[in-house]
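Take a look at the structure below.
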Amino acid sequence: MHPPQDQPKAPNSAFDADQEPIVVQVDDEFLLEVKAQDIARTVAAALAFEERSGEVTVVITTDEAVAELNQQYRGTEGPTDVLSFPAQDSTPGFVTAPEMAAYLGDIIIALPLTRRQAADLNRSLQGELRLLAVHGVLHLLGYDHADEEEEAGMWARQEAILARLP
């Protein structure tokens with residue numbers, strides 16, 4: 001699944017895309033709630049744990065924006081907490097440009113849903129955002145949780161990565 005190329009991105013970034021391989025874009029209304037640099041460090045830690053490198057964009061946006069993507073690309077109504085769009089997915093008939101080889105993909109997080117989820121689970125918002133960022137990275141790298149065995153492996157990796165964060 002690939003998001004549409006014309007999908008608007010939030011204007012606020014924690015890093016300059018030309019200098020850093022991890023870009024965190026936060027909708028204006030969430031700027032005071034989200035520690036974008038922490039999310040970028042979390043993504044970097046997940047990639048390092050997996051001994052991988054590459055460029056990743058994390059977008060923190062509204063439930064409505066995520067619901068639209070969820071419907072369009074997964075055929076599922078309503079928002080979800082996190083969506084991952086691997087750039088290196090092998091789509092028949094699609095050729096990736098050589099200059100895009102380092103681009104791993106996009107992670108889209110619905111902040112209002114994440115906020116509610118964190119409260120329901122008695123977790124901090126920043127902790128929940130870290131979890132979703134790691135979860136998104138693992139999906140970009142090909143991990144899934146379609147069955148119990150895959151889920152156990154992916155959850156173990158998530159916990160190991162999160163345990164290493166300061």
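Points to keep in mind about this one:
- Prolate/oblate/rounded call for the range 12-164, Cα gyration tensor, a/c under 1.5 rounded: rounded
- Using R0 = 22 Å, the C-beta based FRET efficiency linking ASP28 and TYR73 works out to 0.35.
- Oblate is the label for the range 18-77, because a/c, from the alpha-carbon gyration tensor with a ≥ b ≥ c as root eigenvalues, is 1.5 or above and a/b does not exceed b/c.
- Once the C-beta distance of ALA119 and ASP144 is scaled by a Förster radius of 35 Å, the resulting FRET efficiency is 0.80 to the nearest 0.05.
Readers should treat all values here as calculations from the given coordinates under stated rules, not as data from a laboratory. Since we're looking at a predicted model, the values are computed, not measured. Using ideal geometry, Cβ is built from the backbone for each residue, glycine included, and neighbour counts are taken over all protein chains shown.
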